[in-house]
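Engineer: What follows is a structure written as structure tokens; I'll ask about it next.
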Amino acid sequence: SSIPLTLPVVSPAEVFGVELEWSANPFRGFFVGGTGGYLDFTAEEAAGDGAPGIPDWQFSANMSYRIPFAGGGSITPRIDAFYTGDVFLNVAGQNEQEAYTLANARITYEAPDSRWALGFEVTNLTDEYYALSAYDLRTAGLNTGNNVPGRGREWAITANYTF
């Protein structure tokens, strides 16, 4: 016999959600924006609170400020933050991923002729550990499971040239 690694939700479900997105340029060169979302999911087969793999709450915020130089060119720092609420990673209500927040930072230099740019960025700035997916087969009599972690802190240098 085989053991399914994922279980579909086939019972009737009730879903209600709302999303909000906003952005503003309060003064020249400054940008700020964000998103927010709430999802209420109920189904008889889902043992956990909410939709499997989908958190009830998610938020993001970002801001950047382009600083021009007198001789041309600019430098633009940017920061992004993403919040994900508690989530069960399977229908059985097991393998709960607790809420977490990720932050990214970037700084970009753009040349005076705007033909090339150089950037430096760090993603997952705080090196937050979080799971993208997981399964546990101990309930099926097997002493095994799997946890797929999200990406850790990463650094990058980027170069762009427009021709």
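Engineer: Specify which of the listed residues (112, 77) is touching a Phe, Trp or Tyr at 6+ places or on another chain (Cβ under 9 Å), assigned to a loop (DSSP other than H, G, I, E, B) and over 14 Å from residue 149 (Cβ atoms).
Structural biologist: Working: 77 fails: assigned to a loop (DSSP other than H, G, I, E, B).
Within the list 112, 77, the selection yields 112.
Listed here are the residues, each with its yes/no results for (1) closer than 26 Å to residue 13 by Cα; (2) loosely packed, with under 14 Cβ neighbours inside 10 Å; (3) at pLDDT 95 or above.
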residue	(1), (2), (3)
48	yes, no, no
67	no, yes, yes
93	yes, no, no
103	no, no, yes
127	no, yes, yes
156	no, yes, yes
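Engineer: Return the total of residues in the stretch 111-124 being more than 20 Å from residue 154 (Cβ to Cβ), open to solvent by less than 70 Å² (accessible area, probe 1.4 Å) and in contact (Cβ under 8 Å) with a residue 40 or more places away in the chain.
Structural biologist: Residues that pass the stated criteria total 1.
The values are calculated or read from the model by the stated rules, or taken from the named source; none is laboratory data. Computed from a predicted model, the values in this text were never measured in an experiment. Here Cβ is always computed from backbone atoms with ideal geometry, including for glycine, and neighbour counts include all displayed protein chains. Please note that ligands, DNA and RNA were not included when accessible areas were found on the heavy atoms of the full protein model with its side chains. Shrake-Rupley method; radii C 1.70, N 1.55, O 1.52, S 1.80 Å.
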